[in-house]
Amino acid sequence: TRRLVIAVDGPAAAGKGTLARRLAQALDLPYLDTGLLYRATGRRMIDAGLDPATAAAEEFAASVGLEDLSRTDLRVPEVDRAASLVASQAAVRRTLVDVQRRFAGAHGAVLDGRDIGTVIFPDATVKLFITASPYTRAVRRWEQMAPNPDVPDRAEQIARVEREIAARDAADSSRAVAPLRAAEDAVHIGTDHLSADEVLAEALRIVARMT
Ligand code: C5P
């Protein structure tokens, strides 16, 4: 059988991770959340008391391995920001290319991120670009978060999450290296009005059509 590489890209909190994980399970392929590589790099810099925007990030990226990705402290707001800051550095991205390409190995994989279809696997078998409105994404992210006791109002909490997501998308889309964008041959799935099951079903139809 031929090597199946599936690229799942899109902005923050659009549902990439949920889809990619379930797609990998359905197709019996390994799954890599590539955002965790940037998160682990940013996390280590914070722990070392360093500014994630500085060039020291390259060294930290070089020492990140798959075993670092199971840390439980990678999905907190300060690491969201640190990941985006290290990810804007060309040297960091270059350092992390090999671990991502090797991950697909001989048998393929599902990978989610921002530049999988454009930079890491331009020849991926299937490229999906997952989108949702900023409000939908903010609500979904907010539902996964612990309630913020300082902000009692639900609408205000969601609005804050939406602003943070918008800031990260703006940084990820406007950076000079590997900006967030859909590959020309990506198939777009808008998830605003779809359940996770419906997104998976749609993705499986696209994969079946293209393989
Ligand atoms: O996907 P996630 O939100 O976990 O990614 C965290 C950050 O890592 C993103 O905001 C982005 O700056 C960066 N990233 C990237 N390229 C990828 C995956 C993530 O630049 N392939």
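For Ala53, indicate whether it is within 28 Å of Ala138 (Cα to Cα), in a loop (DSSP other than H, G, I, E, B) and modelled with pLDDT under 95. Don't jump to the end; show me each part of the working.
On the way: within 28 Å of Ala138 (Cα to Cα): yes; in a loop (DSSP other than H, G, I, E, B): yes; modelled with pLDDT under 95: no.
Against the criterion (within 28 Å of Ala138 (Cα to Cα), in a loop (DSSP other than H, G, I, E, B) and modelled with pLDDT under 95), Ala53 does not qualify.
Can you pull out every residue in the stretch 149-160 that is surrounded by 10 or more Cβ atoms within 10 Å (Cβ to Cβ), among the aliphatic types (A, V, I, L, M) and modelled with pLDDT of 90 or more?
Within the stretch 149-160, Ile158, Ala159 qualify.
Would you confirm whether or not the stretch 34-44 contains a residue that is touching a helix residue (DSSP H, G or I) at 6+ places or on another chain (Cβ under 9 Å), farther than 12 Å from Val92 by Cβ and touching a residue at least 60 places away in the same chain (Cβ under 8 Å)?
yes
Looking at Arg39, Arg3, Arg75, Arg94, which one is farther than 22 Å from Arg181 by Cβ and either under 15 Å from the mean Cα position of the chain (by Cα) or not assigned by TED's automatic domain parsing to the domain that holds Ala132 (or both)? It would help to see each step written out before you state the result.
On the way: Arg39 fails: farther than 22 Å from Arg181 by Cβ; Arg3 fails: either under 15 Å from the mean Cα position of the chain (by Cα) or not assigned by TED's automatic domain parsing to the domain that holds Ala132 (or both); Arg94 fails: farther than 22 Å from Arg181 by Cβ.
On inspection, the qualifying residue turns out to be Arg75.
For the stretch 10-26, indicate whether the set of residues that are away from the ligand (no atom under 11 Å from the Cβ), more than 29 Å from Thr136 (Cα to Cα) and within 19 Å of the chain's Cα centre (by Cα) is non-empty.
no
Residue by residue, here is whether (1) buried (at least 24 other Cβ atoms within 10 Å of the Cβ); (2) at pLDDT below 95; (3) among the aromatic types (Phe, Trp, Tyr) holds:
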| site | (1), (2), (3) |
| --- | --- |
| Val8 | yes, no, no |
| Leu37 | yes, no, no |
| Arg43 | yes, no, no |
| Phe60 | no, no, yes |
| Ser63 | no, no, no |
| Leu74 | no, no, no |
| Ala90 | no, no, no |
| Arg101 | no, no, no |
| Gly113 | yes, no, no |
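For the stretch 122-148, how many residues are more than 13 Å from Thr191 (Cβ to Cβ) and surrounded by 22 or more Cβ atoms within 10 Å (Cβ to Cβ)?
Residues in the stretch 122-148 being more than 13 Å from Thr191 (Cβ to Cβ) and surrounded by 22 or more Cβ atoms within 10 Å (Cβ to Cβ): 4 in total.
For Ala171, work out the one condition from (1) closer than 26 Å to Val5 by Cβ; (2) touching a Leu at 6+ places or on another chain (Cβ under 9 Å) it doesn't fulfil.
Ala171 satisfies every listed condition except (1).
Here is a check on your reading of the model: is Asp80 away from the ligand (no atom under 13 Å from the Cβ) and charged (D, E, K, R)? Step through it out loud before you land on a result.
Working: away from the ligand (no atom under 13 Å from the Cβ): no; charged (D, E, K, R): yes.
When the stated conditions are applied, Asp80 does not pass them.
Can you give me the ranges of the helices (runs of 4 or more DSSP H) entirely in the stretch 99-211 with at least 2 residues that are among the aliphatic types (A, V, I, L, M) and in contact (Cβ under 8 Å) with a residue 40 or more places away in the chain?
154-174, 196-210
Within 16 Å of the ligand (Cβ to nearest atom) and either outside the structural domain of Asp115 (by TED's automatic domain parsing) or basic (Lys, Arg) (or both): which single residue out of Arg205, Arg181, Arg154, Arg160 fits that description? Show your work before the answer.
Working: Arg205 fails: within 16 Å of the ligand (Cβ to nearest atom); Arg154 fails: within 16 Å of the ligand (Cβ to nearest atom); Arg160 fails: within 16 Å of the ligand (Cβ to nearest atom).
Within the list Arg205, Arg181, Arg154, Arg160, the selection yields Arg181.
For Arg93, state whether it is within 8 Å of the ligand (Cβ to nearest atom), among the basic types (Lys, Arg), farther than 22 Å from Thr18 by Cβ and touching a residue at least 12 places away in the same chain (Cβ under 8 Å). Steps first, please.
Numbers: within 8 Å of the ligand (Cβ to nearest atom): yes; among the basic types (Lys, Arg): yes; farther than 22 Å from Thr18 by Cβ: yes; touching a residue at least 12 places away in the same chain (Cβ under 8 Å): yes.
Criteria met by Arg93.
Which numbered condition trips up Gln25, out of (1) in a helix (DSSP H, G or I); (2) touching a helix residue (DSSP H, G or I) at 6+ places or on another chain (Cβ under 7 Å)?
Here Gln25 meets the rest and fails (2).
The values are calculated or read from the model by the stated rules, or taken from the named source; none is laboratory data. Note that the structure is predicted; figures quoted are calculated from it, not measured. With ideal geometry, Cβ positions are generated from the backbone for all residues, glycine too; neighbour counts draw on all protein chains shown.
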